[in-house]
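*Asks:* Quick one: this structure, given as structure tokens, is what I'll be asking you about.
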Amino acid sequence: MIYFDHNATTPLDGRVLEAMLPFLKSFYCNPSSLYRQGRIVRSAIDAAREQVAALAGAAPSQIIFTSGGTESNNLALATLPRQGRLAISATEHPSITEPALRLKKLGTRLNIVNVDANGMIAQDAIDKLIKEKPDLVSIMLANNETGVIQDLASYARQLSANGIMVHTDAVQALGKIPVNFKQLGVHLMSLSSHKIYGPKGCGALVFEKGVEILPVLLGGGQEQGIRAGTENVAAIIGFGKAAELARIELAKRYDRLLALREQLETGLKTIPGLSIFASQSNRLPNTVQFGIPEIDGEMLLMKLDQKGFAVSSGSACASGGGSPSPVLIAMNVEDGLAKSAIRISLGLANTEAEVFEFINQLKVLACQA
Ligand code: PLP
């Protein structure tokens, strides 16, 4: 298999597995236990917290470990006061849109912040938000389908100056571009381990001190009472190690992924009629989403699968629905073209030869369709 679906998940880095193994084999004690072994496990969690904080530009005490990006996003929305006002961008992941819709049913006023044809939030949408004054705005840093990176620090500065709290889903941005909680100026930020070569089922919510988070899980008081439940120790250690590696290797990873993306895009542009979505926008170095008119994306995905390529038609969760991606619809992409969407998300083990082979196969399949 040639794996081109790293925005869905990444393989576990061997160095991360090595760091995790002792906590699956020998150090099994509960980190809340007061005897020596328990204290050793507690210190290892504290070290992982420091590693994640260093990658995310936050203090260790601002990191709450969760079960992943989905839980972090749900928890972030739980900060909203009863009968509050929420705004989310039109291109958010379902782990924001679904809880937002449920809150709406329960009486929250929900506004959707539109994006332009390039997937970007325009300044007039921010001006409108400042007039509407929601309690909380959720804007993702980088989109999982198109890779579009929002000008978040600028939006957050303006919104925050007007007393509006800002959450960002930085799940796809982390480890691919510099992500600095403090410099972004947001109040809450969601992260996930398995998008950065760490284990699945682990993530974090970064929070500004003073922001009141209403816990979803109550019980043993773990994670400063914000997220109860015995810690997923090995996964947290793995997330920490993956974060440390991503921080050390970030510039090298960025350059390598961008070079592969440029090679891929140069090849794609030779296919007649093909459009690269949001090609004018600042995007993640590893992500390209494209469409070919008259070609069904899911059919093409299956044919690529038969040739050994693992790609996506959009976000992993949205695949299989048969309806066009809400992200592309929000960008005003015509329905037929949106249904032809294929997303390639490159990773560290991909090679120039694999990209070359992909373009060759795609050219053949596009002609046959
Ligand atoms: N947010 C974005 C932008 C994502 O792409 C994903 C996963 O695809 C998530 C949140 C959910 O993260 P997790 O799989 O860790 O729950």
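The values are calculated or read from the model by the stated rules, or taken from the named source; none is laboratory data. As the structure is a prediction and not an experimental result, all values here were calculated from the model. We place every Cβ from the backbone using ideal geometry, glycine too, and count neighbours over all the protein chains shown. Ligands, DNA and RNA are excluded from the accessible area calculation, which covers all protein heavy atoms including side chains. Shrake-Rupley method; radii C 1.70, N 1.55, O 1.52, S 1.80 Å.
*Asks:* Taking residue 111 as meeting all but one of (1) in a strand (DSSP E or B); (2) more than 13 Å from the ligand (Cβ to nearest atom); (3) open to solvent by less than 10 Å² (accessible area, probe 1.4 Å), write down the number of the exception.
*Replies:* Only one criterion is unmet by residue 111, namely (3).
*Asks:* Being surrounded by fewer than 14 Cβ atoms within 10 Å (Cβ to Cβ) and of a type outside the set (Gly, Ala, Ser), is that true of even one residue in the stretch 186-194? If you could, list the steps in order and put the result at the bottom.
*Replies:* Of the stretch 186-194, the ones surrounded by fewer than 14 Cβ atoms within 10 Å (Cβ to Cβ) are none.
Checked the stretch 186-194: no residue is surrounded by fewer than 14 Cβ atoms within 10 Å (Cβ to Cβ) and of a type outside the set (Gly, Ala, Ser).
*Asks:* For the stretch 1-22, name all the residues that are of a type in the set (Phe, Trp, Tyr) and open to solvent by 40 Å² or more (accessible area, probe 1.4 Å).
*Replies:* Of all residues in the stretch 1-22, those of a type in the set (Phe, Trp, Tyr) come to 3-4.
Of everything in the stretch 1-22, just one residue is of a type in the set (Phe, Trp, Tyr) and open to solvent by 40 Å² or more (accessible area, probe 1.4 Å), namely 3.
*Asks:* Same structure, new question: Go through (1) more than 10 Å from the ligand (Cβ to nearest atom); (2) open to solvent by less than 20 Å² (accessible area, probe 1.4 Å) one by one and return the number of the condition residue 169 breaks.
*Replies:* If we test residue 169 against (1) more than 10 Å from the ligand (Cβ to nearest atom); (2) open to solvent by less than 20 Å² (accessible area, probe 1.4 Å), just (1) comes out false.
*Asks:* Of all residues in the stretch 218-236, which are open to solvent by 20 Å² or more (accessible area, probe 1.4 Å) and within 15 Å of the ligand (Cβ to nearest atom)?
*Replies:* If the condition is that a residue be open to solvent by 20 Å² or more (accessible area, probe 1.4 Å) and within 15 Å of the ligand (Cβ to nearest atom), then 227, 232 are the ones that fit.
*Asks:* Could you say which residue among 88, 96, 126 is part of a strand (DSSP E or B), buried (at least 16 other Cβ atoms within 10 Å of the Cβ) and touching a helix residue (DSSP H, G or I) at 6+ places or on another chain (Cβ under 6 Å)? Give the derivation first.
*Replies:* Numbers: 96 fails: part of a strand (DSSP E or B); 126 fails: part of a strand (DSSP E or B).
On inspection, the qualifying residue turns out to be 88.
*Asks:* How many residues does the stretch 141-157 hold that are within 16 Å of the ligand (Cβ to nearest atom) and either in a helix (DSSP H, G or I) or touching a His at 6+ places or on another chain (Cβ under 7 Å) (or both)? Talk me through it step by step, then tell me what you get.
*Replies:* Pass one, the stretch 141-157, residues within 16 Å of the ligand (Cβ to nearest atom): 141-150, 152.
If we keep only those that are either in a helix (DSSP H, G or I) or touching a His at 6+ places or on another chain (Cβ under 7 Å) (or both) too, we end up with 144, 152.
Going through the stretch 141-157 one residue at a time, the tally reaches 2.
*Asks:* Is there any pair linking a residue in the stretch 43-62 that is assigned by TED's automatic domain parsing to the domain that holds residue 241 and under 17 Å from residue 178 (Cα atoms) to one that is open to solvent by 30 Å² or more (accessible area, probe 1.4 Å) and among the aliphatic types (A, V, I, L, M), with Cβ under 8 Å and at least six apart or on different chains, and which?
*Replies:* So the pair list comes out as 53/59.
*Asks:* Further, regarding this structure: So which residues in the stretch 69-97 are under 19 Å from the mean Cα position of the chain (by Cα) and farther than 17 Å from residue 205 by Cβ?
*Replies:* 87, 89, 90, 91, 94, 97, listed by residue number.
*Asks:* Hey, could you check the stretch 297-325 for residues that are assigned to a loop (DSSP other than H, G, I, E, B) and at pLDDT 95 or above and say which is nearest to residue 150 (Cα to Cα)? Walk me through it before giving the result.
*Replies:* The first filter runs over the stretch 297-325 and keeps only residues assigned to a loop (DSSP other than H, G, I, E, B), leaving 307-308, 311, 313-325.
Retained after the next criterion (residues that are at pLDDT 95 or above): 307-308, 311.
Numbers: 307: 35, 308: 33, 311: 24 Å.
Only one residue fits best here, namely 311.
*Asks:* Out of 290, 239, I need the residue that is of a type outside the set (Val, Ile, Thr), closer than 22 Å to residue 200 by Cα and either open to solvent by less than 30 Å² (accessible area, probe 1.4 Å) or assigned to a helix (DSSP H, G or I) (or both). Which one? Walk me through it before giving the result.
*Replies:* On the way: 290 fails: closer than 22 Å to residue 200 by Cα.
It is 239.
Okay, residues lined up against (1) modelled with pLDDT under 95; (2) within 15 Å of the ligand (Cβ to nearest atom); (3) in a loop (DSSP other than H, G, I, E, B); (4) among the hydroxyl-bearing types (Ser, Thr, Tyr):
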{"position": "134", "(1), (2), (3), (4)": "no, no, yes, no"}
{"position": "160", "(1), (2), (3), (4)": "no, no, no, yes"}
{"position": "163", "(1), (2), (3), (4)": "no, no, yes, no"}
{"position": "173", "(1), (2), (3), (4)": "no, yes, yes, no"}
{"position": "183", "(1), (2), (3), (4)": "no, no, no, no"}
{"position": "189", "(1), (2), (3), (4)": "no, yes, no, no"}
{"position": "194", "(1), (2), (3), (4)": "no, yes, yes, no"}
{"position": "201", "(1), (2), (3), (4)": "no, yes, yes, no"}
{"position": "212", "(1), (2), (3), (4)": "yes, no, yes, no"}
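*Asks:* Residue 121: assigned to a helix (DSSP H, G or I), open to solvent by less than 20 Å² (accessible area, probe 1.4 Å) and either within 13 Å of the ligand (Cβ to nearest atom) or touching a helix residue (DSSP H, G or I) at 6+ places or on another chain (Cβ under 9 Å) (or both), yes or no?
*Replies:* Values: assigned to a helix (DSSP H, G or I): no; open to solvent by less than 20 Å² (accessible area, probe 1.4 Å): yes; either within 13 Å of the ligand (Cβ to nearest atom) or touching a helix residue (DSSP H, G or I) at 6+ places or on another chain (Cβ under 9 Å) (or both): yes.
So residue 121 does not fit the description; no.
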